[in-house]
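Notes follow once the structure below has been shown.
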Amino acid sequence: MYKYLFGPVPSRRLGMSLGIDLVPHKVCSLNCVYCECGRTTKLTTERKEYIPYDGVTGEIAHYLKHNPSPDYFTFSGSGEPTLNSRIGDVLHFVKANSKVPVAVLTNGTLFYDKNVRAELLEADVVLPSLDAAEELAFRKVNRPWRKLDIPGYIKGLVDFRNEYKGQIWLEVLIIPGLNDTEENLWALKEAFLKIRPDEIQLNTLDRPGTVENIRASTRKELQDIVNLWNLPQVKIIAAAPDRKKIVAYRDDMESAILETIKRRPCTLEDLHKILGLHINEINKYLDVLEDEKKIVSVREKRGLFYKIKS
């Protein structure tokens with residue numbers, strides 16, 4: 001068991017992905033209503049060495065020596081990885097010691113900082129998010145740290161595109177009633193034309209987020225947005241069950257989660273403590289189990305509980 005690495009995780013976008021977590025749960029610059037990792041406990045843009053460089057690189061070296069190579073090393077986790085002031089050093093260590101491509105999953109809010117942009121230049125693919133290009137929708141969906149704003153957010157992404165030679169896959173997550181207004185959708189298209197991402201990946205909720213009374217977009221609603229934008233690089237992200245086709249998908253992990261929930265309903269945090277698995281890894285299996293209607297989620301005082309479907 002590693003402390004800072006998790007997986008390999010069956011990722012719909014990155015195949016067999018080994019996660020690298022550089023911040024504690026749940027340190028982030030946003031507190032998104034849809035986050036499957038839970039509410040942000042430390043809302044900040046302060047960069048520091050939250051996780052020690054030596055600890056992370058020691059685990060990466062051990063993994064490379066004792067395990068087959070994953071499809072990707074992925075900087076992700078249960079917070080915003082660019083908040084770690086040494087992400088560039090860790091990324092360089094991976095590139096210097098392995099031929100495995102590196103992906104960075106980031107909300108992109110810190111790209112106003114030229115140092116953050118420079119630190120990611122060695123990555124093979126960067127997957128920032130942009131759910132809103134209009135200030136009100138940004139506040140409703142992403143609930144950012146108080147000094148972040150849309151003009152600075154978009155400018156940072158544009159500046160990164162101008163400096164970065166690798167692939168940019170921009171993720172847009174739609175929550176009906178919050179960021180699907182015509183004003184926001186047209187503003188997003190205008191932002192895409194400036195950012196020039198290689199792909200625009202349109203997504204919605206797999207499971208309940210951090211607040212009540214929000215829902216996933218239907219396939220038709222997402223397709224209507226694709227038609228409205230009429231851009232060649234837009235695609236709708238595949239459904240959760242497709243994860244079962246990925247080599248990294250483990251039936252024993254699915255069984256362990258089901259057996260635990262059978263004994264008593266559990267929150268995501270409960271499953272993390274009982275099974276010793278990273279929250280992101282558990283989430284990948286919960287997506288499939290809930291889609292297959294093997295489990296259901298119920299919101300109670302202590303949080304969102306997962307139960308066996310009766």
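FYI, it's all coordinate maths here, none of it is from the lab. Predicted model only: the values in this text are computed from it and were never measured. Virtual Cβ from ideal backbone geometry, glycine too; neighbours counted across all protein chains shown.
Dipole magnitude for segment 250-310: computed about the Cα centre from +1 point charges on Lys and Arg Cβ and -1 point charges on Asp and Glu Cβ, it is near 400 debye. Distance between the pseudo-spin-label points of residue 262 and residue 227 (7 Å out from Cα toward the beta carbon): 4.6 nm. When 168, 236 are arranged by Cβ crowding within 10 Å, least crowded first, meaning fewest neighbours, the order is 236, 168. Taking every Cα-Cα distance in the chain and sorting them into 10 Å bins starting at zero, the pair-distance distribution P(r) comes out as 6, 27, 37, 24, 6, 0 percent.
With R₀ fixed at 25 Å, the C-beta to C-beta distance from residue 96 to residue 3 puts the FRET efficiency at about 0.70. For the peptides 57-65, 181-189, the ranking by packing is 181-189, 57-65, with the highest mean count of neighbouring Cβ atoms within 10 Å listed first.
Just list whichever of 114/165; 273/294; 42/114 have alpha carbons separated by over 19 Å in the model shown.
The pairs that break the limit, which is 19 Å between Cα atoms, are 273/294; 42/114.
By DSSP, the beta bridges lying fully in the chain are antiparallel in about 35 percent of cases. Here the Kirkwood formula, the inverse mean of 1/r across different C-alpha pairs, assigns segment 250-310 a hydrodynamic radius of 11.4 Å.
How much length is gained on full extension from residue 310 to residue 121, taking 0.36 nm per residue of separation minus their Cα-Cα distance?
Full-extension gain reported as 63.1 nm.
For residue 266, nonlocal amide neighbours, meaning residues 5 or more places apart or on other chains whose placed amide H falls under 5 Å from its own, are 306.
Along the charge dipole of segment 34-155, pointing to its positive end and built from +1/-1 on Cβ of Lys, Arg, Asp and Glu, which listed residue (87, 127, 112) has its Cα farthest out? Comparing the listed Cα positions along the dipole, 112 ranks first. Shape analysis of segment 1-82 places it in the oblate category; the axes a ≥ b ≥ c from the Cα gyration tensor give an a/c of at least 1.5, with a/b not above b/c. With helices as the sole contributors, the chain gives -11000 deg cm²/dmol at 222 nm; each DSSP H run of n ≥ 4 counts as -39500 (n - 2.57), and the sum is divided by every residue.
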